[in-house]
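Read-outs: derived from the displayed coordinates by stated rules, not from any lab. Since we're looking at a predicted model, the values are computed, not measured. Don't worry about glycine lacking a Cβ; one is built from the backbone with ideal geometry, like all the others, and counts go over all protein chains shown.
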Amino acid sequence: MPFTPIPSFARKRISDVVSDQIKQLISEGTLMPGDRLPAERDLAAQLGVSRPSLREALIRLEADGYIETSGRGGFTVVDVTAPIISKPLAELLLQNPRTSADILELRQGLEAISTVYAAQRANAADLKKIDAAFDALKTASQAGDRANLAELDAAFHLAIADSTHNVALAHVMHGIHTLIREGMRQYHRLIDYDAAMEKQLMNQHQAIYDAVIARDAPKARKAAERHLAFVRELYKDDAAKPVSSALS
């Protein structure tokens, strides 16, 4: 774990130094939402502090909303980014063809740069998370699990964003997660019952995955841009249909 022993000559209260270190690890993306902190005894040993001082820091961090008690005991890191866009607002935006196109344009820029940084910076743990997210998406696609495709699609792109180690970029992606997920649900409805088109989309995800895993940043960016350009064209074609046709 990335914890640094606290020097015995620290001028601040030990609990404050511990708290500051954990907040810094969260802010720089070393500790991500959902990450579990070590057990108190282990964490106190890694930090070189007493358990009462550690417990005081943990209680303050929990009160301030940085960590929360885990169901299995101990603490996990909280997602400190509140959703920038709520589900109702996301649904309203996606009902408008113009704003839906804007959302796809935003995604194209954010996800293209995310794949570049992920290819350059992802560590072994990051690659493992990307691999698991892609495997879940691929399994659902092959099984024709339409109900969960949008959620798994969004999770795959978020795993890539988390691997950029750019805390601002990762937080923005998490902040608009609802918008991205609801958008994907809408876009996935365009390809219902069309196995050939679903296969094309899965091949595009495969290209993104392969490039990131291979740490080929230019190829990863091109794959992401190609994927979003394809989805934008799909949506543009569907939005141009008469209402009765588009809803059939």
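Give a residue-ordered list of calculated ³J(HN,Hα) values for the stretch 179-186 (Karplus: 6.51 cos²θ - 1.76 cosθ + 1.60, θ = phi - 60°; whole Hz; x for Gly, Pro).
Values per residue, Gly and Pro as x: 5, 5, 5, 5, x, 5, 4, 5 Hz.
Which order results if Thr4, Thr76 are arranged by neighbouring Cβ count within 10 Å, fewest first?
Thr4, Thr76
Which order do the peptides 118-126, 34-42 take when ranked by the mean count of other beta-carbon atoms within 10 Å per residue, highest first?
Ranking, from highest mean packing down: 118-126, 34-42.
Can you pull out the chymotrypsin sites (Phe, Trp or Tyr not before Pro) in the stretch 117-196 that DSSP calls coil and that have at most 14 other Cβ atoms within 10 Å?
Hits after loop and neighbour filter: Tyr193.
Could you tell me which of rounded, prolate or oblate describes the stretch 1-55, using a ≥ b ≥ c as the square roots of the eigenvalues of the alpha-carbon gyration tensor, with rounded for a/c under 1.5 and, failing that, prolate when a/b is larger than b/c and oblate otherwise?
Cα axes put the stretch 1-55 in the oblate bin.
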